[in-house]
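The structure appears below as structure tokens.
No value in this document is a laboratory result; all are computed from the given coordinates. Everything numeric in this text was worked out from a predicted model, so none of it was measured. As a convention, Cβ positions derive from the backbone with ideal geometry for all residues, glycine included, and neighbour counts pool all protein chains shown.
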Amino acid sequence: MPEVRVVETLAGVERAQWSALFPGEIEDYDYLTAIERSGLPGFRWRYVLAYEGADLVAAAPAFLTHYPLETTLTGTGRRVAEALRRLVPGLLTLRLACIGSPCVEKALIGVSPAAQPARRAALVQSLLAGFEAAARREGCGLIGLKDVAEADQAAWSAGVTHWSPGGGQWTTGPQIAVNLLLNLSILGVFGTFTALGEEIGWRGYLQPRLDAAGVRGSVAVVWLAQLAYHAPLMAGAGYANAGGFSTSLALFAAGDLSVTFLWARESYRARSLWPAVLFHSFHNTISQWLFPKFFAGGDDGLWLGEMGVLPVAGYVVVGVALFLWMRWRGQSWQALVRHAFGSPQPRDARS
């Protein structure tokens, strides 16, 4: 196995060794050095190097920056996310570690010209694994790849999450459709029953009892109870593993607070437990079956796991947006509780 190092400057890398991995590349050693010395604000530079003995056998430039999640949104979603970030700076901004360079057209990857295809893929995977480990040590919540050249896509996909229905066994549209239909039908039934067991406890019993007793912050109390219930599973059984207990617990806490509010709100509005049950079943089916069955390669727990970065970001944006909308419309949680318990439908204060 090669020794993978992640360094902050090209100054300690021999020009001849680097250039041998990127023959004919316009964005060469001198170009990257000039970018490094330019002092481009908001970016820090990294270089991922794989050595066998004293020989550099694979390398790639990389960078660290802060990534606002609204970058991927448009329209109303983007405006809501920007407003939230202004209210709570840093709420929807994550540290990004990315292979490539913001100043080049594609993700540069250099591998020894003598490497055969299988060896090339193994070296790329080693680079990626070393970079991911270094990025997590630096507290980066997102790890990405800039535009990958077509010639390198097969090698990159060997080490990162990629589309692979049924582990590569579902190769045609009909196969995918039949498996999707059959499995979702079965999971829809069993998933609903398993979700029902939890929801009877959380939204069927605890939440209404707290609200009936007039407990302030009842949603937060249920949220803390859910954290206490799931934390031992994360510590002892690897549940919702996103790359370590502390990371998993932090992501679960952020996402579950929004989930607790959303599912209780919709159940109260419907005067029924079923919205919470169906949302819970849908969440479990997508995170525990759909993504693992349709994507392969790499460690996607941090990104797409049950409480990975992307699901949590979605829940937080929707939860905060609905909370602010309720406040803007003059709707209180107490009015929603009265409606759920049989009082007349709460009216907007602005009506």
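In nm, to one decimal, how far is the Ala250 label point from the Leu94 one, both placed 7 Å along Cα→Cβ?
1.2 nm
Report, please, the projected area of the range 1-65 averaged over directions, based on the convex hull of its C-alpha atoms, in nm².
Over all viewing directions, the range 1-65 projects a mean Cα-hull area of 4.5 nm².
Whole Å is fine, so just give me how far the alpha carbon centre of the range 168-217 lies from that of the range 108-142.
Comparing the Cα centres of the range 168-217 and the range 108-142, I get a distance of 37 Å.
Between Gln116 and Asp28, with labels modelled 7 Å along Cα→Cβ, what's the label distance in nm to one decimal, could you check?
Those two pseudo-labels are separated by 3.1 nm.
Rounded, prolate or oblate, given the Cα gyration tensor of the range 168-340, with a/c below 1.5 counting as rounded?
prolate
Using a Förster radius of 25 Å, what is the FRET efficiency between Leu224 and His66 based on their Cβ-Cβ separation? Nearest 0.05, please.
So the FRET efficiency works out to roughly 0.25.
Rg/Rh for the range 230-276: what does it come to with C-alpha atoms and Rh from Kirkwood?
1.15
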